[in-house]
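Chemist: Pasting a structure below so you can have a look.
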Amino acid sequence: MSTTPLKVAVTGAAGQIGYSLLFRIASGAIAGDRPVELRLLEIEPALKALEGVVMELDDCAFPNLAGVQIGSDPEQIFDGVNLALLVGARPRGPGMERGDLLSANGAIFTAQGKALNAVAADDVRIGVTGNPANTNALIAATNAPDIPNERFSALTRLDHNRAISQLAAKTGSAVTDIKKITIWGNHSATQYPDIFHAEIAGKNAAEVVNDQAWIADTFIPTVAKRGAAIIDARGASSAASAASATCDAARDWLNGTPAGDWVSMAVVSDGSYGVPEGLVSSFPVTTSGGNWEIVQGLEIDDFSRGKIDASVAELADEKAAVTELGLI
Ligand code: NAD
Ligand code: LMR
C-alpha cells in the first residue's frame, strides 16, 4: 500500500452531502489505510461554514487524515489531485426534476472541467455527484480536453444501492447475496434499474421474484423516484446515502470490483448497447487498476430495450440543451 497521501478534492464541501462525505473519506471509506489529503472547494460565502466543518474534522483525530486545505479557487484546490468528487451544485426542491437544474448548475462544471484540465494530477479520476450528474460529467469532460474521457464518471451507484435494497426486502435476502444489478441510462426518473441479469445467491433474480408486474409497476418506479420520495419526506434531498454511494463508487473505481459482480457507473459511451457514443450513460461495469470496462454481451429483451432507449433519449435531449447553452 502506498504511504503517499491520496489527494482527494471535494466540491460543495460545506453542503449537506459534504457533511457526511468528508468524515467517511477521512475515516478510510475510499482509500482504506492509505493516508488521504482533503482539498475542499466552496464558494466564498460558504467558506466560514466550511472552516467549522474542518474544526470538526480536526476534532475526530483521524489517524489517516494527512491534511486539509480549503478555498474558493478551483485551480488552487485541484492542484495535483488524484481524485476529484464534484458534489457542489444546487439540489432540486419539491416538484422539480433533476434536469431542471441544467442551466443553474451547468456553468459550475465548465469552470471546474477547465481547472482540472490545467492542474490535476496525471492519474486523476473525477466522479460527479452534483445534478444533473450525467450531463454535468459530460460538460466537465468536454471542458477538459487533455484528460481522457474515461476518467470522468457520474454517480448512479446510489440508484444501484437502492435497487439492491428494494430487491433484498422483496425477496427476504441479504444485500450481500445480490449481485449484478444494473442501472442503465440517466440518474433521473427515466433510469432503468434492471434485474434480469442480476443474481440472488447465484439464482437469476427475475426468476426468484417471478412477478413481472412487481418489477414493472413497483420496483422500477420505486428506485427511479426514490430521490423525490426522500425530498418529500425530509424536505431536503438525500445526503448521507448519496455520500455513502459516492464513497462506494470511488473505492470500487480505484480498487476494483469483486470477482463475480459488477457495479453501475455512468461513463462516456463507446456505443455499447446502442447508446450513442459520447453520451454519459449508466452501464454495468467492472473495474480494475483504476480503469473501468463495460460488461459486454448481455441479452437485452424488448422490455429492457424500450426502457434503456427512453432514458438515453433524455440524455440526448440534455446534451442538446447544454449545447444550446454553449456549455459544451
Ligand atoms: P447543498 O446545497 O447542501 O450543498 C451544495 C454545496 O455546493 C453548497 O455548500 C454550495 O455553496 C456549494 N457550491 C455551489 N456552487 C459551487 C461551486 N461553484 N464550487 C464549489 N461549491 C459550490 O446540496 P447537497 O444536498 O450537498 O447536494 C449537492 C448536489 O448533489 C445537488 O446537485 C444534488 O442534487 C446532488 N445529489 C446527487 C445525487 C446522486 O445520486 N447523483 C444524490 C444526492 C444529491
Ligand atoms: C437523489 O437521487 O436522491 C438525488 O439525485 C437527489 C434528487 O434530486 O433526487
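Chemist: In this structure, does residue 205 turn out to be away from ligand 2 (no atom under 15 Å from the Cβ) and open to solvent by less than 60 Å² (accessible area, probe 1.4 Å)?
Modeler: Here the answer is yes, as residue 205 does meet what is asked.
Chemist: From the list 99, 106, pick out the single residue that is in contact with a Leu (Cβ under 7 Å, 6 or more places away or on another chain) and at pLDDT below 95.
Modeler: 106
Chemist: Tell me, which residue of region 48-77 that is touching a strand residue (DSSP E or B) at 6+ places or on another chain (Cβ under 9 Å) and open to solvent by less than 30 Å² (accessible area, probe 1.4 Å) is nearest to residue 24 (Cα to Cα)?
Modeler: Ranking the candidates gives 57 first.
Chemist: Among the numbered criteria (1) within 9 Å of ligand 1 (Cβ to nearest atom); (2) surrounded by fewer than 23 Cβ atoms within 10 Å (Cβ to Cβ), which one does residue 80 miss?
Modeler: Failed condition: (1).
Chemist: If a residue has to be without any contact (Cβ under 8 Å) to a residue 24 or more places away in the chain and not hydrophobic (A, V, I, L, M, F, W, C) to count, how many in region 184-220 make the cut?
Modeler: Going through region 184-220 one residue at a time, the tally reaches 10.
Chemist: Give 118, 144, 111, 168 a once-over and let me know the one that is touching an Asp or Glu at 6+ places or on another chain (Cβ under 9 Å), of a type in the set (Gly, Ala, Ser), more than 16 Å from ligand 2 (Cβ to nearest atom) and under 26 Å from residue 42 (Cβ atoms).
Modeler: Going through 118, 144, 111, 168 in turn, just one is touching an Asp or Glu at 6+ places or on another chain (Cβ under 9 Å), of a type in the set (Gly, Ala, Ser), more than 16 Å from ligand 2 (Cβ to nearest atom) and under 26 Å from residue 42 (Cβ atoms): 118.
Chemist: Does residue 140 qualify as being in a helix (DSSP H, G or I), more than 10 Å from ligand 1 (Cβ to nearest atom) and in contact with a Gly (Cβ under 8 Å, 6 or more places away or on another chain)?
Modeler: It is true that residue 140 is in a helix (DSSP H, G or I), more than 10 Å from ligand 1 (Cβ to nearest atom) and in contact with a Gly (Cβ under 8 Å, 6 or more places away or on another chain).
Chemist: Given (1) surrounded by 13 or more Cβ atoms within 10 Å (Cβ to Cβ); (2) part of a helix (DSSP H, G or I); (3) touching a residue at least 40 places away in the same chain (Cβ under 8 Å), identify the lone condition not met by residue 261.
Modeler: (2)
Chemist: Next question, about the same structure. So residue 143 clears everything in (1) open to solvent by less than 20 Å² (accessible area, probe 1.4 Å); (2) in contact with a Leu (Cβ under 9 Å, 6 or more places away or on another chain); (3) touching a residue at least 40 places away in the same chain (Cβ under 8 Å); (4) not assigned by the TED database to the domain that holds residue 254 except one condition, right? Which one?
Modeler: Unmet condition: (1).
Chemist: Return yes or no: is residue 178 assigned by the TED database to the domain that holds residue 293, within 16 Å of ligand 1 (Cβ to nearest atom) and touching a strand residue (DSSP E or B) at 6+ places or on another chain (Cβ under 9 Å)?
Modeler: Criteria not met by residue 178.
Chemist: If a residue counts only when it is farther than 23 Å from residue 135 by Cα, touching a residue at least 40 places away in the same chain (Cβ under 8 Å) and not acidic (Asp, Glu), which strands (runs of 3 or more DSSP E) contained entirely in region 17-124 have at least 1 such residues?
Modeler: Result: 36-41, 65-71.
The values are calculated or read from the model by the stated rules, or taken from the named source; none is laboratory data. These figures come from a predicted structure and were not determined experimentally. Every residue, glycine among them, receives a Cβ derived from its backbone with ideal geometry; neighbour counts consider all protein chains shown. These area figures cover heavy atoms from the full protein model, side chains too; ligands, DNA and RNA do not enter into them. Shrake-Rupley method; radii C 1.70, N 1.55, O 1.52, S 1.80 Å.
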